[in-house]
Every structure is written in C-alpha cells, then in structure tokens.
1. So which residue of A has the beta-carbon closest to the axis that swings A onto B, and how many whole Å away?
2. What are the extents of the Cα atoms of region A:190-274 along their three principal axes, in Å, largest first?
3. When the helix-only estimate is applied to chain B (DSSP H runs of n ≥ 4, each -39,500 (n - 2.57), divided by the residue count), what is the mean residue ellipticity at 222 nm, nearest 500 deg cm²/dmol?
4. Using a Förster distance of 30 angstrom, determine the FRET efficiency expected from the C-beta separation of A:S273 and A:K215, and round it to 0.05.
5. Test of the criteria: in region C:1-72, which GluC sites (Glu not before Pro) are in a DSSP loop and have at most 15 other Cβ atoms within 10 angstrom of their Cβ?
6. Can you tell which of A:Q66, A:I135, A:L54 lies farthest toward the positive end of the dipole of region A:11-270, using +1 and -1 charges on the Cβ of basic and acidic side chains (Lys, Arg; Asp, Glu)?
7. Can you give the angle from 0 to 90° between the axis of helix D:85-98 and the longest principal axis of chain D, with both taken from C-alpha atoms, to the nearest 10?
8. For the pair B:K83 and D:Q4, how long in nm is the line joining their label points, each one 7 Å along Cα→Cβ?
Amino acid sequence: MDNAATTQRAKSVVAAQSQFDLYENANIHRGIYDLSNQATQKFENTRTKIAQFLSSNNANTVAFTQGTTASINIVAQSFLAPKLKFGDNIVTTIMEHHANFIPWQMLAQKYQIELRIVPMDKNGDLDLIQLKSLIDRKTQLLAVSHISNTLGTIHPIDEIIGIAKSSEIPVLVDAAQSACHFEIGVDPLNCDFLTFSGHKMFGPFGVGILQVSEKYVEDMIPYNFGGGIIENVQIKKTNFRNFPHNLDAGTPNVSGVIGLAAALKFISEIGKSNMESHINKLTLLALDQLSQVSGIEIIGNPKKRIGIISFNLKNIHPHDVASFLNKDGIALRAGTHCTQPLLSAMGLHATARVSFSIYNNEEDINTLIVSLKELMKFWS
Amino acid sequence: MDNAATTQRAKSVVAAQSQFDLYENANIHRGIYDLSNQATQKFENTRTKIAQFLSSNNANTVAFTQGTTASINIVAQSFLAPKLKFGDNIVTTIMEHHANFIPWQMLAQKYQIELRIVPMDKNGDLDLIQLKSLIDRKTQLLAVSHISNTLGTIHPIDEIIGIAKSSEIPVLVDAAQSACHFEIGVDPLNCDFLTFSGHKMFGPFGVGILQVSEKYVEDMIPYNFGGGIIENVQIKKTNFRNFPHNLDAGTPNVSGVIGLAAALKFISEIGKSNMESHINKLTLLALDQLSQVSGIEIIGNPKKRIGIISFNLKNIHPHDVASFLNKDGIALRAGTHCTQPLLSAMGLHATARVSFSIYNNEEDINTLIVSLKELMKFWS
Amino acid sequence: MTKQELQQLFKSEILPENDNPYHFQEPQKASFSIEANNTMCGDKYTLYFDINEGQITSVYFYGIGCALSKASISIMCKNIEDLSAKNIMALSNKFIDGMKQNHSIEHSDKKIQMLHQLKHFDGRVDCIKLGWEAVKNHFENTEL
Amino acid sequence: MTKQELQQLFKSEILPENDNPYHFQEPQKASFSIEANNTMCGDKYTLYFDINEGQITSVYFYGIGCALSKASISIMCKNIEDLSAKNIMALSNKFIDGMKQNHSIEHSDKKIQMLHQLKHFDGRVDCIKLGWEAVKNHFENTEL
Ligand SMILES: Cc1ncc(COP(=O)(O)O)c(C=O)c1O
Ligand SMILES: Cc1ncc(COP(=O)(O)O)c(C=O)c1O
C-alpha cells in the first residue's frame, strides 16, 4: 500500500520492454537500417500516443524526460530562468512535493526574486483567497500539484488555474499523483506545463513526461547539450532543433519510452474512471475503518481526496508503525514524503501513509486495520 | 555492425530487469518495508560494484546518471560553471562527440571564456604538441575522449592526462567507447571525471555513470533539485546531501541501475581482454578486406585503433550505402556520427561506419565486403 | 520493397537523375535562395529562385547529399519552375502528404509518382522530402 | 528476525528505554551540543555535552524520533558519559562496525549488544546508528 511512491509495473509493460530490448533494440534517430528505423518510429509513435492520452493531437508538445523531477527542473532552467528579472516572483504552495518546491526556491535564491507560498487550512485545503492575493503582474509562474502526495487532497485545479489565467500567468501542474485516474493535459486543464512520471502509473522507472502548451513551446531552450538536438555544429556556434527535440540530448531511454506506451494502453484498457471509482471506494472504506482505531489521528480532512491517507498513532513514531506492519506483510510508508514544508506547517515531523492502487482491495484494508489495532495494544 | 551507437542488450541484463520489475519493484531510499529496503540495498550494492569495475573501493565516487551526455552536462554545470572567471579557458579536441563538445562550447559562450580545440593530423591522431601549448594555468578543464566514435582512434590517454596533470588541470575522460574493453576509472587513468553509458556496454538505455575523483567530489553541487537529495527543507533554505547522493534528485532509474550491474557481470565473465582481442582481430581483418574494395576510401589511419572504421565509396553517398546494405541485412551507420567538427576538419560531410562487438564474426565481414563490391558494381 | 525492385528503380530513375540533375549549379544571379539541410546525415543544398515581375523564372540548386535527395530536388525544380508561389505550396503540400505511409495520392508527373513509391524504402522518407519541406516552409511564411 | 522475536525485544528492552530514556531533557547549561538528524524520516535530536577541565561530565539529549533511535541514543549517552573523546570515538566506531551485516562484535555492555541484534530488523539500521554516527563525526573533526 505504497502506491503514491511507485506503482507495480504492469506485466504488459515489462513484456513490451523485454521484447524491444531483446529483439528490436537499436539506437534511434541516427540510423538508416531497418532496426534503427523501426525503433525511431516506435519512439515517435509513442509521442503521438502520449499526446492522445493528454487529449492533444500535437505530438510536438510532448517531451520525454527522466521523470517529474527532471521535468520540473527543465521548466525552471529552460523556460523560467532566462525570463527572471529583479522584482519578479514565483508562486507555489506549502503542499508541494520537494520536486515542485526546491527548484523554485533555488531559482529565487539565485536570481534574488521572491518565492510566494500559498498556505493551507488545517483540513489540508489550499487557501484560494491567499492564492488570489499572492498573484500579481510580477508573477512569472504558478506551480501547483493536482493531488497532494501526502494528504491525498484533490486541489480544485480548474479554479486555481482560472485564477492564474485571468492574469495571464503561466501555470505548471505537477500531475505525478493524478496521471492514472484523471483527465489531464495542458489542453483539458488549460495550463502550460504538465509533468508526470512513468513509474507512478504502472510504467518504467527513468522515464517521465513534460508537456508544454503551444503558447510556450518556442520559449523552451535546450537543457542538456549533446547529440540528437543538433541542427548544425561549428567550432564557433551550434544551432539546435526545436522543442521537443531540443530536450532529447544524448541517447534517450527508448526502452523506457516504449514501456510507458504499454502502461498507457494498460490504463486505457482498465479505464481511468474505473480506476478512480475503485480507489474512491477503498478510500472511503479506509477512512471509515481507520477512524475506529483507538489513538489514531488522521492527518487533514480535505474537501475532496483520493487514494492517499496520512495518519499517526499516539506515542508510536510512524517509522515504528511501518516496521511493525511490515512484519505483517503490509508495505506502508513513513516519513516526510518529500513534503517537509507541508509537515512543518502542520507541526508534524513525520506521518505514516497508505496509498491505494487498482490491485488493492477491501481485504487489504481489513488486514491493515487488524494490524494497527494489534500494534496499539502491544505498544501500550 | 552498429555497435558504437548502441550494443545489443545481454539476455542476462533483460532478465535481471524483468525480475526486478515484476517481483522486487519498489521505490528506494524512502521506505522501511522489506521490498523498498531490498531495492535500496540492491541499488547501493550496484554502486559498489560499479566502483569495483572502475578499480575503486570508494562507492561514493560513483553517481548514476541517464548516460554519457547527462554526465558531461553535470560536470559542466555542477563542477565547472561556478568556477569560471573571465580569462579562463577550457581545452577539448576536434575529435569529440557532440556530447563532449557542445556543453563546453555553451559554457564558453555564456561565461565569455575561451574554448581551445586540440587539432588532429590527417591520419586521425591528436596533435599532442598543440595540446601542450594550449594548456596553461588559466585552463579550468581538459575534456577528451578515450576512443573516437567516428575513426576508432585510441588516444594515448595516459600521455594526454599526464600533460594536463603536470599543470594540475582537472581532466574529464569520455569513456563511452572504451568502457567495454579497457581498464578505466578515475584511479587507474589518474583523471578526475569519467563518464560512460550503459547502453553501449550491453546494458540498458537511460542509465550511465559519472565517476568523480576524491579530490573533487566535494565541489560537486546538485544538478536537479527534488526529493532524495535533501538533508532538510525549510521555507527559506534547503540543505543538501553530499555527492553522489546530491545528484539523485527524483526517483532514480532503479531497474536500469540493476540492469547495468548485470551488464558489468556479463562483461567480467567474458573478460575485457578477451573482448579487446576479439575485436582487434576483426578490425585488422576488416581493414585488410575493405582496402581491397575498389573506390573505397578508409577515413583516417590512426596509430592505434579499435573496432570502428569509417569509410566512403566513390560517388555514393554514405546514406545510400547504408540503405543498400540494409537490404542485404547489414546494419551500418551513415551520417555525421555526432562529430560534425571532426568531419568538417577532414572536409567531409558524412561517412559510412562499421563498428564491431563481441557477437560479430569473420562471416559478418565477408558478407559486408561482398555487399560493398556488389554495390560498387551496381552503381557504376 | 525488395532489393530487386529497389535496384530497378535506382537503375532506371534515381541514378540517371542523380547523374544528370536538372539545373544543378550556382546561377550567376538569383532573387533569393532557400537552404535545405539535413544535418543528421550531412545533406546540404541551396535552392536559387529567380523572379521577374512576380513570376518565378528559374529554379537552380546546388549542394551535397545522397542520390535520393538530389534526384528528388532535381525533379522538384523541374516541376515548380513555372508555378506561382501558391501553386508551389499546394504541390509541395500534396507531395509531402503523399509521402505518409497510408496515403496514396496521384500526380500527373510520372517522376513525382515514382518518388512516392520510394516511401516504402525504410528510413529515407526524410531524404526524399528534404527539398520539398524547405520550399513549403519558405512559401508558407513569405510572399514572392 | 521473526515478528515474535521483535516483539519480545521491544517489550523487554526498547519500549522501556524509550519510555524512560536516560538524561532526556535540555540541560540548563552545556559546553557544546551535537545535532543528530535523519530527515528521511523526520528524526531530530540534540545531544548536550558538558565538560570540565577537559573531562566530559555529563551527556543529555532531547528531541523527536522513533523508539529505536531514542532507545539507542539513550543507551549511548549512558555509555559515553565517563569516556575521553578518544574513547568515545573508539566506542562509536566499534558500534557502527558492529552494525554491518556480516560483522559480529562483542561489547561488554549488554544493552549495546542487544542493539546489535536489531541490525537484522530491515531498514532500521540508520535509526539505531543515528546518534552514534553524529558523535563519531563530531569527535573525528574536533578536539574536546
Ligand atoms: C564518444 C562518445 N561520447 C558520448 C556519447 C553519447 O552517449 P549517450 O548518447 O549515451 O549519452 C557517445 C555515443 O553516442 C560516444 O560515442
Ligand atoms: C506530487 C509529486 N510530485 C513529484 C514527485 C516526484 O516524482 P519523481 O520522483 O518520479 O521525479 C512525486 C513522487 O514522489 C509526487 O508524488
């Protein structure tokens, strides 16, 4: 029950990768022989499939990266950094994963601009009134997640984006936790940058997506420099290809990209809304059952939530909770979940967290509850 | 016969990755439960194994990256950029892959420093006298490859490093083409940065290595920002872990790293020197046979070479050569091989290139020669 | 496409065109020129247009590249020389569409039709389209 | 380590130490202090040393963390209070070595010995070593 960290690979994903690795393996973009050509086609077809998954028919809005963290860093360096001037600000929230917090913090330090942080209430909902007042015409970006990986809060993303868009502020949405079960994409959400990771949606490690709205694709400069992004190299000067190809420096993770395509297929076959309702059901059940464990504190009570529940047991450190539950065969996560600002704001040092995916069931929740009750009894 | 671009995955590599993906998959570093803990151990054990492969017993000199290109960009940004001052220079060579050229060119442009380029002679050997005269006390880095991916030249790397070291200049060695069959590592070579890619040594795409000498590990600052590299995050300030962990932002390509370990095992089992002598034998045979094809020009005639031969056929563009040979089931590469500066220096626009690995044999070379001769006849 | 079919097509069409390309030289004067480069493989051509009173009067080209890109540009030059900018764009669009894998498009010019057959020649579509793409991009963005 | 063994060890050793830790408070005065943090899981302790004429006279600690890190630091404080800086380093080195998977090291102190058993408790070695590592790092780099 640690699916917010990484999901299990789908069998079809592993199979697609092995098939490619053993029988179709070749470098892309640079070969004329059949294998290389087929690999290139598969690679570019995947771009189209990802675009479709994101309700777009423009494959050139889709760049392959190593994951959400890389995608966000690329936006920070390849889009935002060159634009920043003294007096500017970046707006993000207290609830972000470090991946969507530290890159902005570092930019703010380096360029001496202001990092403005939208606070939340004690339930774990963002304060939209504050959000409105923090955005002004010096705001160069709003960076916000779709779903909190610690509290499971589903942010009112349309409303949030609407606020920024009414001032024509570019918006980045960290969709790492929502790519599986929500309709996402820069078009449907009306945002400008959208990021997620393969490994959190049944796909491989080491591959992720950065989608950029047509409005800003031309502003994207290369991130890494090397082969594959080149128009022309001279001793004095190099010309680069356009986005998304200007981010493909070096040999890309072709097999990972092919695995990602298989993962999207897997998701479509089950259906995003089926996933969502399955996980919703489990979440409601888990909340109900957990609240009956004596000495438990469930962290946050957001208006809308999905699939992720943080809690603490009285007098037992979450680390110890996780260790003992591990002995009962239950994998849950304890710690700061890469959201130290959020935990500090709530006066916490760590939490235990369960998170569900499609292969979890009611039985898992029952086992969890039994274990927690036993642990409380043992400890006291 | 396009192994300089990427080798075939070893079966054992694919098997190790599938095994992990299906049965042991978990995120690392952040979980307490058994699966996560085992994944973390496997990940860190691989670091130790890579260090051993590089004749080092300090695993903390080894960072995982996405490949050679990423490794070199990291050195450019995380080591070199903060040091550069007006009047400084960087020395590289005309024979480099774009991955080991453009990052320095871009730094030079951005920081307005000088990029000095070691020339080569018409045989495809570097001009070491020039190298000596280009290095001075304002040189902040010498970046050089071990083996040219276009001409197959084995550079006299010990001598080259010796020249730089006598002026205490840090040296980066791009070992992308030598990791399979030569003893490499910052210790055995006495260099400071060593880079290579998994996919060129029977391992997976999307994973590579950056090894940094103990002398400079403390100078390495984070490249991407996110989870996994954090000591402590506050709203105002973040403290980072040390190298190599400060490069591990985001979820690493755990399965790729495990595949890389399997590739190293595969190489050790065959033995680097066995590989080298097999490839040497094929290279000599191919040079001999190729020179008997009428109208062929073999590009370069370096003092020491291995496994990679570039050539052109009279009046036939390399692209057309590759296409027709493809019809005979021969995969060779045509184009600029991501070494435009080298080709320009030789007055060429493109070459055809064969490159051998352990699974090639004399039969392959015979087939190649027959095809080339037939093509020459057909075309004229 | 089998090796025999390919050899046949090269022997009868591509190689002759490649060996005797149409207007393959740097002309003494030109009204404007267009670059057509594919740096993946090192192909580099310049197309030279001369115009008079809003009409294209000649198209020349010169440069370096494979037999396919050269033959294709040669055929293109012959075909666009008398056309208006609008018709050049229409023709190049039609040609590029016809190079997609599942499209089949009829051209009156036999040589253009022949080029389309080569789209099943793996990995070479970019070579064949090189000049056409350059012309299309130019006329999409500029008036004569 | 089975669940039963683990429960046994916690019941008899860890939980009592966790509930009644040694010198668990911020002292009124201290000569210097050392931070012991593990931010992966949120553990945060401060160790307070008082010295007099080059001799350590007391070690206190305070902070937040799991039962294991707290119990381990408590046991450590009791053990290092009378030692010289050199001996503290020696003991912490020995302790940390003993936490490696294939090492087996004898300690005269029964509680320290008990902590070593827990190294087979997956993923918790860092918790147990937390305070010891902090002390070791400090004394490696600073004189008393
Ligand atoms: C010498 C050399 N350096 C760097 C690279 C780039 O490696 P990668 O594409 O894996 O980043 C290559 C491979 O193409 C190479 O041959
Ligand atoms: C909301 C959110 N953002 C970003 C990330 C970082 O993703 P990755 O580690 O794949 O780069 C995560 C996952 O840990 C996440 O949950």
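Read-outs: derived from the displayed coordinates by stated rules, not from any lab. Source: prediction; values computed, not measured. Heads up, the Cβs are rebuilt from the backbone with ideal geometry, glycines too, and the neighbour counts pull from every protein chain shown.
1. Minimum Cβ distance to the axis, with residue: A:G206, 2.
2. So the three principal-axis extents are 55, 31, 15 Å.
3. Numbers: 12 runs with 137 residues, N = 380.
Dividing the helical sum by the residues of chain B leaves -11000 deg cm²/dmol.
4. Working: r = 29 Å, r/R0 = 0.98.
Given R0 = 30 Å and the Cβ-Cβ separation, E is 0.55.
5. Working: sites: C:E5, C:E13, C:E17, C:E35, C:E53; in loops: C:E53.
Sparse-neighbourhood loop GluC sites (Glu not before Pro): C:E53.
6. Positive-end residue among those listed: A:Q66.
7. The answer is roughly 10 degrees.
8. 6.1 nm
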